[in-house]
Amino acid sequence: MKINGLNRTKIVICCFVFATYPLRMTDALSPSLTADFLLVESRERGEVLTNLKLQKLLYYADGWFAVVSGRPLFAEDFEAWMNGPVLPSQYHRFKDWRWRPIEQEVVRPTGLSADILAHLEEVVDVFGSETAVALELMTHREQPWLEARAGLPADAPSSAIISKQTMKAYFQSLDADEKVEA
């Protein structure tokens with residue numbers, strides 16, 4: 001069975017692993033540190049990240065973190081852009097790469113808790129092998145992006161904020177659906 005384009009096994013693994021780590025972060029994580037980690041981890045696994053794919057990995061990291069920790073990973077809000085959720089600070093940081101793989105030198109962040117590292121590694125495990133376009137299409141079928149765009153045509157620009165509450169509720173519903181099916 002597929003859920004928003006991902007096979008059910010990936011979602012079950014994602015939910016199980018996320019639920020087993022007691023993430024104990026007291027403050028929101030820096031989007032830059034998270035982006036750096038995702039870039040380095042992906043490169044080490046032989047995957048390249050474009051800005052489009054990085055944005056989607058950041059989005060899924062934030063959404064699933066809200067499910068397991070009760071709060072968002074980032075204080076910054078995602079915006080419902082035409083190509084899916086975007087974290088503006090990180091989009092602008094890497095925008096010169098356009099559609100090309102991000103080759104900017106970044107260093108693996110130090111000082112992240114083991115729980116946060118496990119969470120981010122799981123995001124890469126579950127979503128990292130998907131293409132940027134596949135992740136974009138997934139987000140286009142999900143309630144947080146659809147609700148924020150409020151019926152705008154798919155090709156219409158938007159900087160509407162994606163509600164953190166909607167993200168949390170949406171990802172919790174996926175988690176609950178998987179627990180019922182399991």
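What follows is calculated from the coordinates using simple rules that are stated; it is not laboratory data. A quick note: this is a predicted structure, and the numbers were derived from the prediction, not measured.
Quick look at the values:
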item: Amide H within-cut-off set for W81, under 5 Å, with H built and near neighbours excluded; result: V86
item: Extended-chain gain in nm, criterion 0.36 nm per residue less alpha-carbon gap, V133 and A156; result: 6.5 nm
item: In order through segment 141-156: 3J(HN,Hα) via Karplus (6.51 cos²θ - 1.76 cosθ + 1.60), integer Hz, x for Gly, Pro; result: 9, 9, 3, x, 5, 4, 5, 5, 7, 6, x, 4, x, 4, 9, 8
item: Cα centroid separation, segment 119-166 to segment 42-70 (Å); result: 11 Å
item: Length released on extending from S89 to Q104, taking residue separation times 0.36 nm less the Cα-Cα span; result: 3.8 nm
